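This report refers to the structure that appears directly beneath it.
The values are calculated or read from the model by the stated rules, or taken from the named source; none is laboratory data. Given the structure is predicted, the values throughout are model-derived calculations rather than measurements. Counting neighbours? That spans all protein chains shown, and the Cβs are built from the backbone with ideal geometry, glycine included. Just so you know, the surface numbers come from the protein's heavy atoms only, side chains and all, with ligands and any DNA or RNA stripped out. Shrake-Rupley method; radii C 1.70, N 1.55, O 1.52, S 1.80 Å.
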Amino acid sequence: MTPDSSTLRTSEVFIALKTVGDADRISLEQLTRTLGDRAFGLLVLIFALPNIIPMIPGVSTVSGVVIGLVGLQMMVGRHAPWLPAAIGEKTLPRAQLAAMVDRTVGWVARLERVARPRWTFMTRGLGHVALGAMFVLLGGILALPLSWIGNFPPGVALVVLSIGLLEEDGVLVVIGHAIGILATVLVLALVAALVAAAVASFGWLTS
């Protein structure tokens, strides 16, 4: 990542991720170090996207944990994210990361075309803390053992929120919060339906 990456649009920084390091696999710690002062938003974006394109199996739990940790650190006022060694040492295949970038950068660019700095109070100060809290909530949902259908709504909310944060677009952040609240309600309804079905099945088996 170049030193002046803060002047680039999110999609340009996102594309540059394909050239990080020179090994076949990239550690999460290495990825975090290269993201610079935009690491909070970019980490959330990177780990939200696999949940809306079902191309990397089993990634939702790791995604949820990383996003939740990012949110917690935003809430306590850290200026750069930190990952514990047990998570930071985990690696991503370069080929899968590059494929994800290629498949999703168009969506990121389309959101960028409508994004611009406005309502910046939603991305700074208490707005920054509120974003962190939403990341914790949605990260916790992603960490649940749900199907892709259950991961998709919070994944969409996280993508919108992260781009709103990166582009300092408070309007996108408000939209992302609304999607996040709706996603939480939908997932709670899904979990309640699954629990009710399980209880009904258990009752039928024991009757």
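See the values below:
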quantity	calculated
In the range 162-207, the residues that are in a loop (DSSP other than H, G, I, E, B) and modelled with pLDDT of 80 or more	Glu167, Glu168
Residues that are of a type in the set (Val, Ile, Thr) and within 13 Å of Ile181 (Cα to Cα), drawn from the range 125-154	Val136, Ile141
Tabulated pairs, the range 38-51, first under 15 Å from Met74 (Cα atoms), second among the acidic types (Asp, Glu) and open to solvent by 10 Å² or more (accessible area, probe 1.4 Å), C-beta under 9 angstrom, 6+ apart or interchain	Gly41/Glu167
Complete set of residues in the range 134-173 that are surrounded by fewer than 16 Cβ atoms within 10 Å (Cβ to Cβ) and β-branched (Val, Ile, Thr)	Ile149, Val171
Test: residue in the range 91-105 that is modelled with pLDDT under 85, buried (at least 18 other Cβ atoms within 10 Å of the Cβ), charged (D, E, K, R) and out of contact with any Ser or Thr (no Cβ under 6 Å at 6 or more places or on another chain)	yes
Residue within the range 113-133 that is crowded, with 18+ Cβ neighbours inside 10 Å, among the aliphatic types (A, V, I, L, M) and part of a loop (DSSP other than H, G, I, E, B) present	yes
